[in-house]
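Colleague: To start, I am sharing the structure in question, which I have written as structure tokens.
Taken together, the values in this text are just the output of simple stated rules run on the coordinates, not laboratory data. As the structure is a computational prediction, the values presented were derived from the model and not from experiment. Please note: Cβ atoms are built from the backbone with ideal geometry, for glycine as well, and neighbour counts cover all protein chains shown.
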Amino acid sequence: MILLDSNILIYCYQERYGSLRDFLFDADNIPGISSITILEVLGFLNISKEEEIYYNTALTLSHLFGIDDKVIEIATLLKQKKKMSIGDSLIAATALLFSFTLYTRNTTDFNQIEGLKVINPIK
């Protein structure tokens, strides 16, 4: 299974990256999303109603993975080893915990994490 980084969901909204929507709307391979992504994509001061509807729809089409004590534990260990944002550490921890491949445009944020498979679907 794949886990989408928040930036991939944001790029999916943009017409230029419409091909990324295949990750969201593939009924045979529904992607995972960390619950921190809700905050990262919907938590903008000036988000448009259209964007909000799109992201909420995308979130309902995905497997949502919550932030539990195990994810926090792994994220804490990651932050102790590498400078990274809280959001990135939680997303990476979720991918590691469930052995998911992480799809992100920001591979450099994650590529030194041992055991984490990272793919940039935007080439």
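Colleague: Can you check what the net charge comes to around VAL41, using other residues whose Cβ is under 10 Å from the Cβ of VAL41 (Lys, Arg +1; Asp, Glu -1)? Please list the in-between numbers first.
Modeller: Working: positive: none; negative: GLU40, GLU51, GLU52.
Its environment carries a net charge of -3.
Colleague: Going by alpha carbons, how many degrees (0 to 90, nearest 10) lie between the helix axis of 69-81 and the longest principal axis of the chain?
Modeller: Tilt relative to the chain: about 70 degrees.
Colleague: Right, here's the next one. What does the helix-only formula give at 222 nm for the chain: each DSSP H stretch with n ≥ 4 adding -39500 (n - 2.57), the total divided by the residues, and the result rounded to the nearest 500 deg cm²/dmol?
Modeller: On the way: 6 runs with 57 residues, N = 123.
About -13500 deg cm²/dmol.
Colleague: Restrict the search to the stretch 1-100; then list the GluC sites (Glu not before Pro) that DSSP places in a loop and that have at most 11 other Cβ atoms within 10 Å of their Cβ.
Modeller: Numbers: sites: GLU15, GLU40, GLU50, GLU51, GLU52, GLU73; in loops: none.
Here no GluC sites (Glu not before Pro) fit, given the DSSP loop and packing criteria.
Colleague: Continuing with the same structure: Would you report the distance distribution of C-alpha pairs in the chain as whole percents per 10 angstrom bin, up to the bin with the largest distance?
Modeller: Answer for the chain: a P(r) of 13, 48, 32, 7 percent.
Colleague: Then there's this: Which of the three applies to the stretch 1-42, rounded, prolate or oblate, going by the alpha-carbon gyration tensor with a ≥ b ≥ c and a/c under 1.5 meaning rounded? Present the calculation step by step, with values, prior to reporting the outcome.
Modeller: Values: a/c = 2.43, a/b = 1.07, b/c = 2.27.
Because a/c hits 1.5 or more and a/b fails to exceed b/c, the stretch 1-42 counts as oblate.
Colleague: Full extension from SER99 to LYS70: what is 0.36 nm times the residue separation minus their Cα-Cα distance, to one decimal in nm? Numbers along the way, then the final one.
Modeller: Details: separation 29, 0.36 × 29 = 10.44 nm, distance 1.37 nm.
Separation in residues times 0.36 nm, less the Cα-Cα distance, equals 9.1 nm.
Colleague: Are there any trypsin sites (Lys or Arg not before Pro) in the stretch 63-116 that are in a DSSP loop and have at most 14 other Cβ atoms within 10 Å? List them by number. Numbers along the way, then the final one.
Modeller: On the way: sites: LYS70, LYS79, LYS81, LYS82, LYS83, ARG105; in loops: LYS82, LYS83, ARG105.
Listed in order of number, the matching sites are LYS82, LYS83.
Colleague: Further, regarding this structure: Which whole-number percent gives the relative contact order of the chain, counting Cα pairs below 8 Å spaced six or more residues apart? Numbers along the way, then the final one.
Modeller: Values: 172 pairs, mean separation 34.3, N = 123.
Computed value for the chain: 28 percent relative contact order.
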